[in-house]
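The values are calculated or read from the model by the stated rules, or taken from the named source; none is laboratory data. Everything numeric in this text was worked out from a predicted model, so none of it was measured. With ideal geometry, Cβ positions are generated from the backbone for all residues, glycine too; neighbour counts draw on all protein chains shown. Note: accessible area is taken over every heavy atom of the protein model, side chains too, but ligands, DNA and RNA are not part of it. Shrake-Rupley method; radii C 1.70, N 1.55, O 1.52, S 1.80 Å.
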Amino acid sequence: MSQSPRARNADVAHLLEEIGDLLEIKGDKGFRVNAYRSAARRIEGLKEPIELVHAEGRLRTIQGIGPALEQKIGEFLTTGRLGYIDGLRAELP
């Protein structure tokens, strides 16, 4: 069974939701938590594959995606990992 062309959208959205959750647990400011969750919803709702948007350099055209999120999403799509979330996970029991 082949994967949906937008399957990675859900993967990226889940990653951003988890970052939001971890930041909330750490007690970070609400606007940071909400920024990750909002970006997750927008990516999950995209009509095209996030890989295509990234490859065409259009991530920042998605409302709420700034330079920092663009970098994190790009790292995840390119390497399959994200150092930032690995660090957050390591900080929490």
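Quick one: accessible surface of Asp11, probe radius 1.4 Å, all protein chains present, in square angstrom to the nearest 10.
Answer for Asp11: close to 60 Å² accessible.
What part of the accessible area of the chain, given as a whole %, is carbon or sulfur when the probe is 1.4 angstrom?
Numbers: 2950 of 5600 Å².
Carbon and sulfur: 53 percent of the exposed surface of the chain.
Sequence neighbours fewer than 8 away in the same chain don't count; with that in mind, list the lysines whose C-alpha is under 26 Å from Lys47.
Lys72
Where the Cα atoms of the chain are projected onto their three principal axes, how long is each span, largest first, in whole Å?
36, 29, 19
Taking loop as defined by DSSP and a crowding limit of 10 other beta carbons within 10 Å, which trypsin sites (Lys or Arg not before Pro) in segment 1-57 fit?
Details: sites: Arg6, Arg8, Lys26, Lys29, Arg32, Arg37, Arg41, Arg42, Lys47; in loops: Arg6, Lys29, Lys47.
Passing sites in segment 1-57 are Lys29, Lys47.
Which of the DSSP-defined H helices in the chain satisfy a minimum axial length of 24 Å, computed from C-alpha atoms, and a minimum mean Kyte-Doolittle hydropathy of -0.5?
7-26
How high is the relative contact order of the chain, in percent, with contacts defined as C-alpha pairs under 8 Å that are six or more residues apart?
Working: 77 pairs, mean separation 27.7, N = 93.
Taking the mean separation of contacting Cα pairs over the length of the chain, I get 30 percent.
Gap in Å between the Cα centre of segment 79-93 and the Cα centre of segment 1-44?
One Cα centre to the other: 14 Å.
For the chain, give the magnitude of the charge dipole about the Cα centre (Cβ charges: +1 Lys/Arg, -1 Asp/Glu; no others), in debye to the nearest 20.
Computed about the Cα centre, the dipole is about 240 debye.
Averaged per residue, what accessible surface does the chain expose to a 1.4 Å probe, in Å²? Don't jump to the answer; show the numbers that get you there.
Numbers: 5600 Å² over 93 residues.
Accessible surface, normalised per residue, equals 60 Å².
Which residue fluctuates the most in the chain, going by a Gaussian network model with Cα springs under 10 Å, if the choices are Ile50, Ile25, Ile62?
Looking only at Ile50, Ile25, Ile62, the biggest GNM fluctuation is shown by Ile25.
So which GluC sites (Glu not before Pro) in segment 1-80 pass both tests, a DSSP loop state and at most 11 other Cβ atoms within 10 Å of the Cβ? Write out the running numbers ahead of the final one.
Working: sites: Glu17, Glu18, Glu24, Glu44, Glu51, Glu56, Glu70, Glu75; in loops: Glu56.
Answer by residue number: Glu56.
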